[in-house]
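Here the structure comes first, spelled out in structure tokens, and everything after it is commentary.
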Amino acid sequence: MRGIEVSLNQTQKIRLQRALQQLESLYSKANSNTSVTVADTIPISYEDTILKGHGTSERDGDVVATLCGVVERVNKLVYVRTLRARYKPEIGDIIVGRVVEVAQKRWKLEINFSQDAVLMLSSMNLPDGIQRRRTAVDELNMRTIFVENDVVCAEVRNFQNDGSLQLQARSQKYGKLEKGQLLTIPPYLVKRQKHHFHHLEQYGVDLILGCNGFVWVGEHFEARDSIVEDQLNDTEQPSTKSNMTSKDMPLETRRSICRIANAIRVLSTLGFNLTLEVIQETINLSSTLNLGIDEMLGSEFHVLVAEREAERRTSMTKRKG
């Protein structure tokens, strides 16, 4: 059962296997024409000139797959997108990383990639919010912004010649993340979407789904507009920052963060794609059953989540049909 590392009794194994088989059958019906395994022939129109992309090869005049995955077509380009793979960055990706080094005019971040990413001092907003050239004083004060082990949210700006990434954090929604949990999940479970920042108002919690497999669940922080930031003087802003940092997090918010984090852990263990809808349904299911936060990681709740997801996708398929 996809190597799920949860201790199950015999009844739970049968229920979980039935739910996963139902999900796999629904997926195979929806993607019967696009799913391929190694050496499968990819159907193409020989009248049109095509470009063979990643995961494809030519054999005896046919285009065959060299990877297991889904066939994607972009104009004349045909390639195979693997369902399970390491994180492959793209420009514009929202990522969450951890600072590992403070270097000259830059921070190095660990982002679950083969190389550390670089965040330049010139690629982020200064604490005073003023757009100006960076000076030697700003470089000396870099540790007042980020230090080692700080969790940072940023956006992929471009690729450098050595293959490493350059990040940017010029928007108010990017920057240092505090008062929360950082979760690590397989990157292929986070699909690129229009929105990766989510505010769960009923819990007072911010959820950031990083494309690199790092997920942040933390207390909600109201990002102020840049115009308001510019109007703050140097004496007002440090006091505001200190008050925000020293304020204790409410106990109910801490419990909500732990409940949301455990819901994400359960979905990751089951191998389900992380979307806001699925996460909220998992949280609601745990609340409906009156489960404690620690009980969410039990084997029975894993089986219930799988069965509920199978029912949801079956009903969606029937409505579409």
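Scanning segment 151-178 for residues that are at pLDDT below 85 and open to solvent by less than 70 Å² (accessible area, probe 1.4 Å) yields Q160, G163, S164, S171, Q172. When you look at G92, is it of a type outside the set (S, T, N, Q), in a loop (DSSP other than H, G, I, E, B) and over 18 Å from the mean Cα position of the chain (by Cα), yes or no? No: the conditions fail for G92.
Here is a yes/no grid of residues against (1) modelled with pLDDT of 80 or more; (2) surrounded by 17 or more Cβ atoms within 10 Å (Cβ to Cβ); (3) over 23 Å from the mean Cα position of the chain (by Cα):
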position	(1), (2), (3)
L291	yes, yes, yes
M296	yes, yes, no
T314	yes, no, yes
G321	no, no, yes
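Going through (1) surrounded by 15 or more Cβ atoms within 10 Å (Cβ to Cβ); (2) within 30 Å of V74 (Cβ to Cβ); (3) at pLDDT 85 or above one by one, I50 falls short only on (3). Here N125, N141, N149 are screened, and the one residue that is of a type outside the set (K, R), on the phi > 0 side of the Ramachandran plot and in the same structural domain as R98 (by TED's automatic domain parsing) is N149. Just one of the listed residues (E201, E148) is among the acidic types (D, E), open to solvent by 20 Å² or more (accessible area, probe 1.4 Å) and in contact with an Asp or Glu (Cβ under 9 Å, 6 or more places away or on another chain), and it is E148.
Of all residues in segment 89-121, those satisfying the criterion of being open to solvent by 60 Å² or more (accessible area, probe 1.4 Å) and more than 23 Å from L207 (Cβ to Cβ) are I91, V100, E101, Q104, K105, R106, K108, S114, Q115, D116.
Condition check ((1) of a type in the set (A, V, I, L, M); (2) assigned to a loop (DSSP other than H, G, I, E, B)) across all residues:
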position	(1), (2)
F146	no, yes
V152	yes, no
N158	no, no
Q181	no, no
K191	no, yes
H198	no, no
I208	yes, no
N212	no, yes
V215	yes, no
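The values are calculated or read from the model by the stated rules, or taken from the named source; none is laboratory data. On a predicted model such as this, the values are computed, not experimentally measured, just so you know. Don't worry about glycine lacking a Cβ; one is built from the backbone with ideal geometry, like all the others, and counts go over all protein chains shown. Ligands, DNA and RNA are excluded from the accessible area calculation, which covers all protein heavy atoms including side chains. Shrake-Rupley method; radii C 1.70, N 1.55, O 1.52, S 1.80 Å.
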